[in-house]
Amino acid sequence: MELLKKLFAPVDMTLGRPWEKILLFTIPMLVGNIAQQLYNTVDSVVVGKYVGDNALAAVGSAGPIVNLLIVLFVGISIGASIMVSQYFGARDREGLSHTIGNCIVLTVIASLLMMVIGIVISRPMLVLLKTPDTILDWCTSYLHIMFIGGAGLAFYNILSGVLRGLGDSISALLYLVVASVLNIVLDLVFVVNFHMGVSGVALATVIAQGISAILCVYKLYRMKHLFDLKLDYIRWNRKYAMNIIRLGLPSGVTQAIMSMSMIIVQSLTNSFGEQFIAANVIVMRVDGFAMLPNFSFGTAMTTYAGQNVGAGSYDRVSKGAKQGTVLAMGVSTVITGMILIFGKGLMGIFTNTPELVELSFRMMRILAVGYIAMAVLQSLSGVMRGAGDTMTPMWISIFQTVFLRVPLAYGLCYLTRTPELPNGRKECIFLSLLIAWLIGAFITGIFYAKGGWKKKAIS
């Protein structure tokens with residue numbers, strides 16, 4: 001019992017060896033991210049296997065619109081995590097209580113806005129995206145259910161950000177695992193037994209997310225020794241609400257811009273034909289798992305920096321930044337090695353076509369070393385965000401994706417055109433991404449070293 005209490009207690013990252021605190025905080029989050037990836041994969045398998053290819057296409061076509069919903073909540077979640085970690089590190093009970101109360105207020109407002117706006121714009125947006133008529137009604141019903149039940153998604157994402165800010169990544173992991181298992185079971189019940197098709201998948205997701213949100217609320221309610229969750233604090237307070245928005249908005253904007261740049265490059269990818277499009281899908285699925293450690297370390301560094309900045313321990317922040325970055329680079333080096341050694345086997349999971357396996361592996365080898373660079377970028381960006389400087393990582397990400405990756409992709413393809421290759425060399429798509437990653441990591445290192453982030457703590 002004592003071990004469980006210790007395991008689920010908030011982690012004070014202002015004490016102890018930095019690398020150990022960072023690693024122990026990162027591992028549960030990484031497991032949770034992997035569970036999330038598997039959860040999405042099972043959704044696709046169930047709907048594709050038991051309903052058909054059109055149903056799978058419907059869920060996929062609705063994806064970009066759902067992602068825009070997630071971007072808003074992720075932004076608020078990051079702002080909440082930064083503020084909570086700094087007030088927790090400063091032992092400021094009043095500030096912590098007001099921050100968490102305003103997180104709940106903002107979540108309710110955002111959920112209502114997205115429910116109303118989402119239902120109104122769902123079908124027009126699908127038409128604008130040229131969704132085929134054969135799946136338009138399925139897409140619309142899927143989105144309507146997701147938007148109506150969006151409060152569960154909102155509360156889980158934002159309140160799990162609050163828990164991470166308090167140093168508790170274990171609870172967020174546990175609730176995600178519960179939601180994942182429940183989602184898989186409900187998928188099978190609604191789709192296989194009740195024949196609800198695409199609507200069944202959406203309903204399963206909404207219910208599972210709602211349960212995980214309730215668990216987060218219950219966990220916070222039981223943490224009365226750290227803050228007060230009373231009605232006096234669960235009300236709009238301009239100072240705290242605007243700080244959450246100010247800190248979280250840049251991250252939300254960054255995610256949205258990255259999504260748009262991917263859509264722009266996708267049109268170039270499509271010009272190389274169906275086989276290369278399939279190869280791109282395989283590479284991006286492997287890439288999704290390969291990037292998880294970097295994202296997890298980046299989030300851990302945000303909490304670590306936030307708590308120590310709140311405590312005024314800037315020397316400890318710098319020490320942890322070095323140790324955390326080295327840890328992240330070490331993990332990415334191992335992943336890079338595994339991709340280079342076992343890459344063909346990984347590609348073979350997705351297809352039985354030898355030519356497609358070879359093409360995918362060739363593209364993956366181009367990206368492999370870039371994961372080490374992204375370990376540096378994500379870790380140091382996490383430190384700057386935790387200290388309250390969310391603008392610098394945002395501008396670096398915009399420069400990296402909009403002014404580097406997109407022009408490089410189109411420019412390199414144009415320069416490598418020949419009579420035999422009228423669209424240029426396929427490798428340029430992934431080479432442009434690698435160059436953008438390397439330059440982005442270098443620029444992030446420069447801005448971290450300049451130390452402007454040290455002046456951005458919440459006053």
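The values are calculated or read from the model by the stated rules, or taken from the named source; none is laboratory data. This one's a predicted model, so the numbers in the text were calculated from it and none came from an experiment. Cβ sites come from the backbone with ideal geometry, for glycine too, and all protein chains shown count toward neighbours. When the accessible area is computed, the model is the full protein with side chains, heavy atoms only, and any ligands, DNA or RNA have been set aside. Shrake-Rupley method; radii C 1.70, N 1.55, O 1.52, S 1.80 Å.
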If you split all Cα-Cα distances of region 322-459 into 5 Å bins from zero, what percentages do you get per bin, shortest first? 2, 10, 15, 16, 16, 15, 11, 7, 4, 2, 1, 0, 0
For the pairs K224/K322; K224/K455; K322/K454; K219/K239, note any where the Cα-Cα span goes beyond 23 Å. K224/K322; K224/K455; K219/K239
Residue-normalised value, i.e. accessible area per residue, for the chain at 1.4 Å probe, in Å², stands at 45
Share of carbon and sulfur in the accessible heavy-atom surface of region 143-297 [1.4 Å probe, %]: 69
Here, I117 and V189, labelled 7 Å along Cα→Cβ, have an inter-label distance in nm of 3.3
Cα convex hull of region 105-211, projected area averaged across orientations, nm²: 7.5
Approximate spin-label separation I446-Y221, in nm, with each point projected 7 Å along Cα-to-Cβ: 5.2
Overall dimensions of region 162-221 by Cα: Rg and Dmax, Å: 13.5, 42
Whole-Å distance linking the alpha carbon centroid of region 207-241 with that of region 349-415 is 36
Quick check: net charge around V326, other residues with Cβ under 15 Å of its Cβ, Lys/Arg +1 and Asp/Glu -1? +3
With at most 13 other Cβ atoms within 10 Å, longest stretch of the chain clear of loop trypsin sites (Lys or Arg not before Pro) (DSSP): 236-416
Length gained when the stretch D228-L24 is fully extended (0.36 nm per residue, less Cα-Cα span): 70.7 nm
In whole percent, the fraction of accessible protein surface over region 339-418 that belongs to carbon or sulfur atoms, probe radius 1.4 Å, stands at 69
Kirkwood Rh, the chain, all Cα pairs: how many Å? 22.9
